[in-house]
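Here is the structure we will look at, set down as structure tokens.
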Amino acid sequence: MSVTAAEGFVASGLHAGIKARRHDMALLATEDRRPVPCAAVFTQNKFAAPPVEHDRAVLAANGGVAAAIVVNSGNANAGTGKPGRADAERMGAAAAKAAGVAAGDMLVCSTGIIGTLLPMDKILTAIPSLAGQLSRDGGSDAALGILTTDSVAKEAVIEGSTFTLGGMVKGCGMIAPNMATMLAFLTTDAAVERDVLQRILADAADRTFNTLNVDGATSTNDSAFLLASGRRGPCDVDELADAVHRLCEDLTHQMALDAEGMTKLVRLKVVGAASDAEARAAAKSIAENNLVKCSWYGSDPYWGRLLAAAGSAGIAFETERSSVAYGGIPVALAGAPIDHDAAAVTEHMKRKEVDIIVDLGLGAGAAQVIGIDLGPGYIKENSVTS
């Protein structure tokens, strides 16, 4: 019940028939059906899906509040044009009526395949049951209802000194910095102004969700929300910000471990760059490089591929200042190999979680991304559309 762990929230999830067998719809709502402050961050892909456009418009019109969010998985309602926008609005209106909230306070999310209209008959048929099942115990069903190719539900809870923070997320492929093909729903019972809530979520997303790079693909539907019921009154804002960061970090780690076809999670740090922006560019170039990702799959400390990817990132780069370390063990300096404990490096590379540092030796710029390897599992998962 992670997303309903905070006071003032209820949820539900069920199988509507969009997917063959698994849960494919979820509903999150305030317990009293009244709107509460809602922070949100969305995909930066300009080919945004109709639900994203709908939610942006709703939050702009109502001042940034929400009473409920209805979600379907199995179909992204992306690349569907005006009919898709109309379907998003119909889905929201139907869910608002069934849940007893104002249509102008209902948000809509979809995730799944692109370019296919929603099966609205199935969705509209299921919505009354979805609303009827709303409860404090419905968080786990909701966490299942938002999944696509995920193999497990992803939930987390943090207990603060005066508040509870809970959340659920989905995402395991089409994931790149600036969010992912991910939907994240966070709730707290702290009383927080919307502007403060927005700053907290945006900062946490930038430091966590935006560091995850599975395949370099930025989705059309990325959305993350943080709702505050206010049930337990004011809180220490810094404590809440830290909790949101830690919860998003936990959820990001869960997504990485469930990434499509993954066998290795790689924490890649680029340090010594001319600026943080250049460090991020180098890290992104490395984490998205298929040769690098294949070497990770093969447990091969092929450091030359890392520097080659960094050197082609369009940033300041000087070979003689560079160095690379695996698991804290330096293996290359100034673009050439150095003596090191090869057995220890090999042992580190065999682990499921690997740490790599690329030092450019030029300045104080630094960045971290979480990447995964590339193997046959990813190709198999993404060689068909459904």
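Working value for region 281-332: equivalent-ellipsoid semi-axes of 17, 15, 8 Å, each the square root of 5 times a Cα gyration tensor eigenvalue, largest first. Helix 276-287 against the longest principal axis of the chain: what's the angle in degrees, Cα atoms only, rounded to the nearest 10? Computed tilt is about 90 degrees. Computed from label points 7 Å out along Cα-Cβ, the spacing between ALA57 and LEU291 is 4.7 nm.
Taking ALA273, ALA344, ALA40 in turn, the Gaussian network model of the chain (Cα-Cα springs below 10 Å) assigns the largest fluctuation to ALA344. Between ILE113 and ARG267, the modelled labels are 3.9 nm apart [label points 7 Å from Cα along Cα→Cβ]. Normalising the Debye intensity of region 1-66 to I(0), with uniform scatterers on Cα atoms only, and taking log10 at q = 0.13, 0.16, 0.20 Å⁻¹ returns -0.52, -0.77, -1.04.
Remark: spin-label model distance ASP355-SER151 equals 2.5 nm, labels positioned 7 Å along the Cα→Cβ axis. Across the chain, the longest piece that holds none of the GluC sites (Glu not before Pro) lying in DSSP loops with up to 14 other C-beta atoms within 10 Å covers 1-192. Kirkwood hydrodynamic radius of the chain, from the reciprocal of the average inverse Cα-Cα distance over all distinct pairs: 21.4 Å. Under the combined filter of DSSP loop state and at most 15 neighbouring Cβ atoms within 10 Å, region 318-364 retains these trypsin sites (Lys or Arg not before Pro): LYS350, ARG351, LYS352. If a/c stays under 1.5 just call it rounded; otherwise compare a/b with b/c (prolate if a/b is bigger, oblate if not). Do that for region 233-386, with a ≥ b ≥ c from the square roots of the Cα gyration tensor eigenvalues. It comes out oblate by the Cα gyration axes. Annotation: for a label point projected 7 angstrom from Cα along Cα→Cβ of SER161, residues of region 242-257 with backbone N closer than 20 Å are 242-247. In this calculation the C-beta distance from ALA20 to TYR302 is compared with R0 = 35 Å, giving a FRET efficiency of 0.30. Using a Gaussian network model of the chain whose springs link C-alpha atoms within less than 10 Å, name the residue from VAL271, VAL70, VAL152 with the highest mean-square fluctuation. It is VAL152.
Between the C-alpha center of region 281-353 and that of region 69-92 there is a gap of 42 Å.
Seen against the Cα atoms of the chain and their longest principal axis, helix 50-62 is set at about 60 degrees. Across region 262-302, the volume of the C-alpha convex hull divided among the residues equals 74 Å³ per residue. Would region 277-365 count as rounded, prolate or oblate if I go by the C-alpha gyration tensor, calling it rounded below 1.5 in a/c and otherwise prolate when a/b exceeds b/c, oblate otherwise? Note, shape of region 277-365 comes out oblate. At most 16 other Cβ atoms within 10 Å and a DSSP loop assignment: could you name the trypsin sites (Lys or Arg not before Pro) in region 119-171 that fit? When the trypsin sites (Lys or Arg not before Pro) of region 119-171 are filtered for loop state and at most 16 Cβ neighbours within 10 Å, ARG136 remain.
So what's the angle, to the nearest 10 degrees on a 0 to 90 scale, between helix 120-132 and the longest Cα principal axis of the chain? It works out to around 80 degrees.
Computed from the C-alpha gyration tensor, the three semi-axes of the ellipsoid equivalent to region 328-380 are 24, 18, 10 Å, from longest to shortest.
Let a ≥ b ≥ c be the square roots of the eigenvalues of the Cα gyration tensor of region 16-127; is it rounded (a/c under 1.5), or, if not, prolate (a/b larger than b/c) or oblate? Oblate is the answer for region 16-127, as a/c is 1.5 or above yet b/c matches or exceeds a/b. Subtracting the Cα-Cα distance of ALA336 and GLU318 from 0.36 nm times their residue separation leaves 5.2 nm of extension gain. Taking each residue as 0.36 nm, the span from ASP206 to ALA344 lengthens on full extension beyond its C-alpha to C-alpha distance by 46.3 nm. In a fully extended conformation the segment linking ARG136 and GLU31 would gain 37.0 nm over its present Cα-Cα distance, using 0.36 nm per residue.
Read-outs: derived from the displayed coordinates by stated rules, not from any lab. Predicted model, so just to flag it, every value in this text is computed and none were measured. Using ideal geometry, Cβ is built from the backbone for each residue, glycine included, and neighbour counts are taken over all protein chains shown.
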